[in-house]
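> Pasting a structure below so you can have a look.
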Amino acid sequence: MFHVNHEPGAQIHHTDPFAVPTGQRSPVRRLRGRLAAPVTLWTAPGPAGLTVSSTLVADGDPGRLLGLVDAESDLWTAVEEAEVFAVTPLGPPHRQLADRFAGLFPSPGGLFAIGHWTDTPYGPVPADAGGWAGCRLDTVREYGWSLLVEATIERVELTEESEPLLHHRGRYRELD
């Protein structure tokens, strides 16, 4: 037997009904959430990819890149095998792409089935990205619940200047 709701309309929650109550959340996770982070897409030959919001670039000769990735991700398996990967800073038009590679949005046909991609020796990159970096894996170690990936930047391709997509307090943000 079906239950029929005779009240008009549906109720949409303004908060996540499955979220851990504020008082029970990890203070470290709450601190991390208050730090705005760039949203990047890491890809590797295979292809494999993952949205990563913990990326840091260090200038030098050579330039270096650090990031925290999930040890159980398909991306890490591909990076470990290929020893190279591409990092693409994402912009506001890439919200759905970021969610897809984070596993939050459906990807019928696979992660790379939608959109236009440019093949590189480091992995595919979105054709409409404002730039990307080709990286060679140097070292990796467990760091918290993630892997700290250290790499040398071997190639940088920059096209047009673009606004960044940021992650702050569980949501995407843009610069005003």
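> Having 3 or more residues that are surrounded by 17 or more Cβ atoms within 10 Å (Cβ to Cβ), modelled with pLDDT under 95 and touching a Phe, Trp or Tyr at 6+ places or on another chain (Cβ under 8 Å) is the bar; report the strands (runs of 3 or more DSSP E) wholly within segment 114-176 that clear it.
The strands (runs of 3 or more DSSP E) meeting that bar number zero.
> While we're here: Select from segment 110-131 the residues that are within 21 Å of residue 76 (Cα to Cα) and not aromatic (Phe, Trp, Tyr) and list them in ascending order.
110, 111, 113, 118, 119, 120, 121, 123, 124, 125, 126
> Only one of 67, 49, 109, 60 is surrounded by fewer than 15 Cβ atoms within 10 Å (Cβ to Cβ) and at pLDDT 95 or above; which?
Only one candidate qualifies: 60.
> Out of 31, 104, I need the residue that is more than 27 Å from residue 162 (Cβ to Cβ), out of contact with any Ser or Thr (no Cβ under 6 Å at 6 or more places or on another chain) and at pLDDT below 95. Which one?
Unique residue meeting the criteria: 31.
> For residues that are of a type in the set (A, V, I, L, M, F, W, C) and either closer than 30 Å to residue 121 by Cα or buried (at least 19 other Cβ atoms within 10 Å of the Cβ) (or both), scanning just segment 34-46, find the one that is modelled with the lowest pLDDT.
So the residue we want is 37.
> What do you reckon, is residue 77 open to solvent by 30 Å² or more (accessible area, probe 1.4 Å), of a type in the set (Val, Ile, Thr) and farther than 24 Å from residue 168 by Cα?
In short, yes.
The values are calculated or read from the model by the stated rules, or taken from the named source; none is laboratory data. In this text, all values refer to a predicted model and were calculated from it rather than measured experimentally. Counting neighbours? That spans all protein chains shown, and the Cβs are built from the backbone with ideal geometry, glycine included. Note: accessible area is taken over every heavy atom of the protein model, side chains too, but ligands, DNA and RNA are not part of it. Shrake-Rupley method; radii C 1.70, N 1.55, O 1.52, S 1.80 Å.
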